[in-house]
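Scroll down for the structure; my scribbles are underneath it.
The values are calculated or read from the model by the stated rules, or taken from the named source; none is laboratory data. Bear in mind the structure is a predicted one, so any value in this text is a computation, not a measurement. Quick reminder, even Gly has a Cβ in these numbers, built from the backbone with ideal geometry, and neighbours come from all protein chains shown. Note: areas computed on protein heavy atoms with side chains; ligands, DNA, RNA excluded. Shrake-Rupley method; radii C 1.70, N 1.55, O 1.52, S 1.80 Å.
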Amino acid sequence: MALSEISAPKKLGKVRPHQTQNEALLFEKSSPGKKAYKLPPLDVPGVDAAALLGDAHRKTPGLLPELSEIELIRHFTRLSTWNYAIDLGMYPLGSCTMKYNPRVNEFVARIEGLAEAHPYRPESLAQGILEIIDLLQKCLIEITGMDAITLQPAAGAHGEFTGILLVRAWHESQGNPRHKVLIPDSAHGTNPATAAICGYQVENLKSNADGGIDLDALERQVTDDTAALMLTNPSTLGVFESQIAKIAEILHAKGALLYMDGANMNALVGKVRPGDFGVDVMHLNLHKTFSTPHGGGGPGSGPVACKKFLEPFLPTPVLVRGNKGTREQGNENAGTKGLGTRDSGTEAGELHWDYDRPRSVGRVRAFYGNTGMFIRALAYILANGPDGLRQTTEDAVLNANYIRKKLEDLYELPYKTPSMHEVVFSDKRQAALGVKTGDIAKRLIDYGFHPYTVSFPLIVHGALMIEPTESESVEELDLFIDAMRSIAREVEETPELVKSAPHSTRVSRLDEVQAARKPVLRWRPEKQGLGTRD
Ligand SMILES: Cc1ncc(COP(=O)(O)O)c(C=O)c1O
């Protein structure tokens, strides 16, 4: 049978867009004189731009594409159909928690008074949005079991950076910043990068056979020079660190701190609180756990929560309640202040920013972080309530385990420890037939799914890292399972079909290394109306 005859999976079960396979660039579609706009007649006195601008006046107009409005709309609409999105189907990209972004979040974030709140609005006129920030802080403190928080960091890795700066500041205040940060081999890749960027030497901790921390190795490795252990929990294997309280004890006995990468809190919210099991400082990814848009739809948000003794070091400013009386006027840090600038005094009980924090690590973000994401995350938390959040966690874990159970006869499970929010298989059986995890991931595209995560975690060779999240119904999970089972069959019967996938996309196998190292992003005109891509 020809490859083309068998390339479309027989039992597709998924809706797909009609793909225009050869959408040209706007420049290539351009024809002189076309316009996508029509301006009204000038109703103000005209000016001589050349006289006004002098040398800066451009003699020849820039080369821009000329198209009609419908051509423009169709171009971008067609391009948008090449994207995969959580609103189209399951997005099981492990470690990314690609959950549905509920519409209620968007509804609330678009309320005029919130969407248009200006960052320079005086504090006394910004009380509404400051209350939102305050309530979100309280909710996240309650969820994590910590004592204090900053919402400034703009992403998970930025949160890690902020958290490790707090660790450093604390050790410095004790007279010695120390030199080492311990990081297990099951940690997220940003953890060692963070420690290094904060000036620490990274020391690797080997996982045991269950994917957890080897306590004997930890006892041996923690010294008076260890600043902290950075622990991704649950780890990138989707495994909860069951010895966490003991780990905290070992670290604390040597004066070292426990940093928890809490980006995987989707497995823990409403069930356990890091503050209760010995964590000193942690970050959250609002764009993972708390359903704010992820990736291209961002921006992200990576709040950092900490215990009381680290609070003095939190980034400035810190939100506080109470009348500070008449405070200093003016705005010496214009351009970097949080929502609401200092004004002549908020009323008793109102919220204001406290900049007077002599031990603070300083500001880590302009204004006060990505405020639009705070509104969305709070909407999500309040819409779910405590029981809903707990249910969310249970469903996320249930969905990962459902997939695990339904696929473990066909795909190798390198760690048998119970799975939390994600399940990590390996391609061991398929690789023996010459098909790798990347091939299977690309074949999934033909079945209408976004691929799972490949090449990660590093301790699983040929990883298939699958995180369904709680968003998926059993019907969607079953479609995914059918696809994965069908691909496992194809690997045995028609391996070339899988190795050359995807077959249903505009382009198939790209040179990914070349694309990353030498991206071609610019179109260079040669002469009017014609162009080349360079
Ligand atoms: C466990 C973990 N830690 C840290 C990060 C980094 O977060 P960000 O991509 O927002 O910087 C991620 C990202 O998904 C993650 O999964």
Out of SER471, SER455, SER508, which single residue is assigned to a loop (DSSP other than H, G, I, E, B), open to solvent by 30 Å² or more (accessible area, probe 1.4 Å) and on the phi > 0 side of the Ramachandran plot? SER455
Keeping to segment 233-264, report how many residues are within 24 Å of MET465 (Cα to Cα) and out of contact with any His (no Cβ under 9 Å at 6 or more places or on another chain). 8
How many residues are among the hydroxyl-bearing types (Ser, Thr, Tyr), crowded, with 24+ Cβ neighbours inside 10 Å and modelled with pLDDT of 95 or more when one looks only at segment 176-225? 2
Yes or no: LEU114 open to solvent by less than 90 Å² (accessible area, probe 1.4 Å), touching a helix residue (DSSP H, G or I) at 6+ places or on another chain (Cβ under 7 Å), under 30 Å from PHE277 (Cα atoms) and outside any loop (DSSP other than H, G, I, E, B)? no
Across segment 19-74, which residue is farthest from the chain's Cα centre (by Cα) among those that are of a type in the set (Asp, Glu) and open to solvent by less than 90 Å² (accessible area, probe 1.4 Å)? GLU66
Residues of segment 247-276 being among the acidic types (Asp, Glu) and either open to solvent by less than 10 Å² (accessible area, probe 1.4 Å) or within 16 Å of the ligand (Cβ to nearest atom) (or both), in sequence order, are ASP261
When only residues in segment 287-297 that are away from the ligand (no atom under 11 Å from the Cβ) and surrounded by fewer than 24 Cβ atoms within 10 Å (Cβ to Cβ) count, which is nearest to MET373 (Cα to Cα)? PRO293
Could you please let me know if THR417 is part of a helix (DSSP H, G or I), in contact (Cβ under 8 Å) with a residue 12 or more places away in the chain and among the hydroxyl-bearing types (Ser, Thr, Tyr)? no
Taking segment 223-246, which residues are away from the ligand (no atom under 12 Å from the Cβ), outside any strand (DSSP E or B) and within 19 Å of THR194 (Cβ to Cβ)? ASP225, GLU241
From GLU412, GLU422, grab the single residue that is on the phi < 0 side of the Ramachandran plot, open to solvent by less than 30 Å² (accessible area, probe 1.4 Å) and either of a type in the set (Asp, Glu) or at pLDDT below 95 (or both). GLU422
Subset of segment 391-414, residues without any contact (Cβ under 8 Å) to a residue 12 or more places away in the chain and touching a His at 6+ places or on another chain (Cβ under 6 Å), comes to none
Looking at segment 213-235, which of its residues are small (Gly, Ala, Ser) and either under 21 Å from GLY159 (Cβ atoms) or touching a helix residue (DSSP H, G or I) at 6+ places or on another chain (Cβ under 9 Å) (or both)? ALA227, ALA228, SER235
Which residue out of ALA115, ALA51 is hydrophobic (A, V, I, L, M, F, W, C) and either closer than 29 Å to MET282 by Cα or in contact (Cβ under 8 Å) with a residue 40 or more places away in the chain (or both)? ALA115
Selected residue (only one of PRO303, PRO317, PRO312 is farther than 27 Å from ALA115 by Cβ and at pLDDT 95 or above): PRO312
In segment 203-244, what count of residues is obtained for those that are among the aliphatic types (A, V, I, L, M) and over 17 Å from THR162 (Cα atoms)? 10
Given the options ALA501, ALA483, name the one that is small (Gly, Ala, Ser), closer than 16 Å to ASP427 by Cα and crowded, with 20+ Cβ neighbours inside 10 Å. ALA483
Within segment 367-387, identify whether any single residue is assigned to a loop (DSSP other than H, G, I, E, B) and in contact (Cβ under 8 Å) with a residue 12 or more places away in the chain, and answer yes or no. yes
Regarding ILE141, is this residue touching a helix residue (DSSP H, G or I) at 6+ places or on another chain (Cβ under 7 Å) and at pLDDT 95 or above? no
Kindly indicate whether MET98 is under 22 Å from the mean Cα position of the chain (by Cα), touching a residue at least 60 places away in the same chain (Cβ under 8 Å) and open to solvent by 10 Å² or more (accessible area, probe 1.4 Å). yes
The listed residue being within 23 Å of GLU112 (Cα to Cα) and not hydroxyl-bearing (Ser, Thr, Tyr), out of GLY362, GLY369, GLY349: GLY369
Whether any residue in segment 159-174 is assigned to a loop (DSSP other than H, G, I, E, B) and surrounded by 14 or more Cβ atoms within 10 Å (Cβ to Cβ) is what I want to check. no
Test: residue in segment 277-286 that is assigned to a helix (DSSP H, G or I), within 16 Å of the ligand (Cβ to nearest atom) and touching a residue at least 24 places away in the same chain (Cβ under 8 Å): yes
Restricting the first residue to segment 142-161 and requiring it to be among the hydroxyl-bearing types (Ser, Thr, Tyr) and within 16 Å of the ligand (Cβ to nearest atom), which pairs with a second residue that is at pLDDT 95 or above and open to solvent by 10 Å² or more (accessible area, probe 1.4 Å) meet a Cβ separation below 7 Å and a spacing of at least six or different chains? THR144/ARG273; THR144/GLY275
